[in-house]
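Step one of this worksheet: look at the structure below.
Please treat every number below as a calculation from the coordinates, not as lab data. Remember, predicted model here, so these are calculated numbers, not experimental data. Quick reminder, even Gly has a Cβ in these numbers, built from the backbone with ideal geometry, and neighbours come from all protein chains shown.
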Amino acid sequence: MTDIIENAAEEVPPHTRTAFAMADATGKLTVTGVVPYSMIADQTPPEGGSLALGHAEHGKHYILNGTIMERPPNPTTRVGMKLLNIPNPSSVTIAGEGPHQVTDGEADLEFTQPGTYEVVVSSWPMQDAVFEVTQP
């Protein structure tokens, strides 16, 4: 982590408020915050994780090779009761139940009871695709 401080483009006054983010080994944010620049060296990312300088938001960003990146959109689409273009691999959670693993790019949705169900398709580091599906 000291390389972040050593590689700073210019000298930063020690009391300058500095935004930072820490991530686990997959790049998923674990902590975001703002501290005086003099305290950046005291921030310790999780084992195998990383730290990057800058503003980041949970759910919107991740860290890749020491850089804060926006999570790309999930290409999953829904046509009727079918999910298409699901990234491989992905997990699908239906009404909070699951996750169900999907590896072939599509999934048929079936519900035994009428109602509206939230269907979430997750494929890290993409953003989650969220659908409301109504079973008449």
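A few remarks follow.
- Within the stretch 59-102, considering residues that are of a type in the set (G, A, S) and in a strand (DSSP E or B), the one surrounded by the most Cβ atoms within 10 Å (Cβ to Cβ): S90
- When S123 is tested against the conditions (1) under 30 Å from V12 (Cβ atoms); (2) among the small types (G, A, S); (3) surrounded by 16 or more Cβ atoms within 10 Å (Cβ to Cβ), the lone failure is (1).
- Condition met for V120 (assigned to a strand (DSSP E or B) and closer than 27 Å to H55 by Cβ): yes
For every residue, the table says whether it meets (1) in contact with a helix residue (DSSP H, G or I) (Cβ under 6 Å, 6 or more places away or on another chain); (2) closer than 17 Å to Y62 by Cβ; (3) in contact (Cβ under 8 Å) with a residue 60 or more places away in the chain.
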residue	(1), (2), (3)
E11	no, no, no
A19	no, yes, no
M22	no, yes, no
G27	no, yes, yes
T30	no, yes, no
V34	no, no, no
S38	no, no, no
D42	no, no, no
L51	no, yes, no
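- Filtered by the rule that a residue be touching a Phe, Trp or Tyr at 6+ places or on another chain (Cβ under 7 Å), among the aromatic types (F, W, Y) and closer than 29 Å to E57 by Cα, the stretch 82-136 gives a lone residue, Y117.
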